[in-house]
Amino acid sequence: MKAFIFPGQGSQFPGMGSELNKINKAKEMFNKSNEILGFNISEIMFKGTMEELKQTNVTQPAIFIHSIILSEIIKEFNPDMVAGHSLGEISALAAAKVISFEEGLDLVKTRSEEMQIACENTNSTMAAVLQLDGDKIEEICSEIDGIVVPANYNCPGQIVISGELKAIQIACDKMIENGARRAIILPVGGAFHSPIMESAKEKLANKIDQITFKKPICPIYQNVSAQPVVNTDILKRNLIEQLISPVKWSQTIENMIKNGASNFTEIGPGKVLQGLIKKINPNVTISSFLL
């Protein structure tokens, strides 16, 4: 069975999408994107610096646009199941025809802007913890004063924690004391997938409530549950909760494999998810479409 997966923040690169712009349908979608966002995102994607691309309100739309254009122009896009990592879940929803490209981009616009505001309101960050058992990481987080929670279960041996800066710094020291090989604070704008995103969640929920979700063309494995979903009410609820909940990526891929996925194709910029899947299960076939 074929699984198609969509990346989140961190997969952007300077020049992303410039080759796609030679295709008429892609050119139309780039122009539409500039209208919806109210600024020339295609110019930043094609010619901007890495620093410009790292701004949350640029990064998220850029990755979504790149991913959905690819899914539209690839003849082989015939998924038995889909999933997306964090932001990539909105790409998965659009690719699976639950929402239109325009609706998806409008959602991403709200999501990225509100996440940026939430980041600016609290001094917060994220850190990658390497080679420490997930149960131990959860236990350490629960014992620390302040907000610090597991945010991304990326693959065996790599879990990202998220929260207030001081709490994250204390947590990193404790992770090392308890046997983690490394605990590295990441160069991100703030604490994604943590309670610090509560204000952004409320604004995103209001936007999602205005959209009619359609039945997907295939099951969508969502970050919050790591389970396949086709019910539109559950799709909405999980997408809202995702902002303050951990991304269960490792569990998602394991469940997709358990349910028959043997071929994974990453659609979007970069190859981040391919690297994670190799660590989760090296026996599946992995490929990508990258232009």
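Coordinate-derived values only; no laboratory data. Note that the structure is a prediction, hence the values are computed from the model and not measured. Ideal geometry is used to build each Cβ from the backbone, glycine not excepted, and the neighbour counts take in all protein chains shown.
The angle between the Cα long axis of helix 24-37 and the longest principal axis of the Cα atoms of the chain comes to about 60 degrees, rounded to the nearest 10. Taking a straight line from the alpha carbon of Lys207, these aspartates and glutamates sit under 15 Å away, with near neighbours fewer than eight places off in the same chain left out: Glu102, Glu103, Asp106, Glu113, Glu114, Glu198, Asp233, Glu241. Relative to the longest principal axis of the C-alpha atoms of the chain, give the angle of the C-alpha long axis of helix 101-121, reported between 0 and 90° and rounded to the nearest 10°. Approximately 30 degrees, to the nearest ten. Checked against a 28 Å cut-off, the cross-linked pairs Lys136/Lys258; Lys109/Lys215; Lys109/Lys258; Lys47/Lys278 give Cα-Cα distances beyond that limit for Lys109/Lys258; Lys47/Lys278. Helix 134-143 and the longest principal axis of the Cα set of the chain meet at an angle near 60°. Residues Ser42, Ser199, Ser142 in ascending order of nearby Cβ atoms (within 10 Å, fewest first): Ser142, Ser199, Ser42. Within the same chain, aspartates and glutamates fewer than 8 places from Lys75 are excluded, and of the rest, those with a Cα less than 16 Å from its Cα are Glu266.
Measuring between their Cα centroids, the range 73-109 and the range 3-22 lie 13 Å from each other. Cα to Cα, under 12 Å, and not fewer than 8 places away if on the same chain: which aspartates and glutamates meet these conditions relative to Lys236? Counting by Cα, and skipping residues close in sequence, Lys236 has these aspartates and glutamates nearby: Glu89, Asp209. Qualifying trypsin sites (Lys or Arg not before Pro) in the range 46-118, where qualification requires a DSSP coil assignment and no more than 11 other C-beta atoms within 10 Å, comprise Lys75. For the chain, the 222 nm mean residue ellipticity estimated from helices alone, with every DSSP H stretch of n ≥ 4 adding -39500 (n - 2.57) and the total spread over all residues, rounds to -14500 deg cm²/dmol. So what's the gap between the Cα centers of the range 267-287 and the range 131-158, to the nearest angstrom? Between the Cα centres of the range 267-287 and the range 131-158 lies a distance of 23 Å. Once Cα extents along the principal axes in Å is calculated for the structure shown, the corresponding label among (i) 65, 39, 38; (ii) 45, 45, 40; (iii) 55, 41, 35 turns out to be (iii). Taken over the range 160-291, the alpha-carbon convex hull comes to 151 cubic angstrom per residue.
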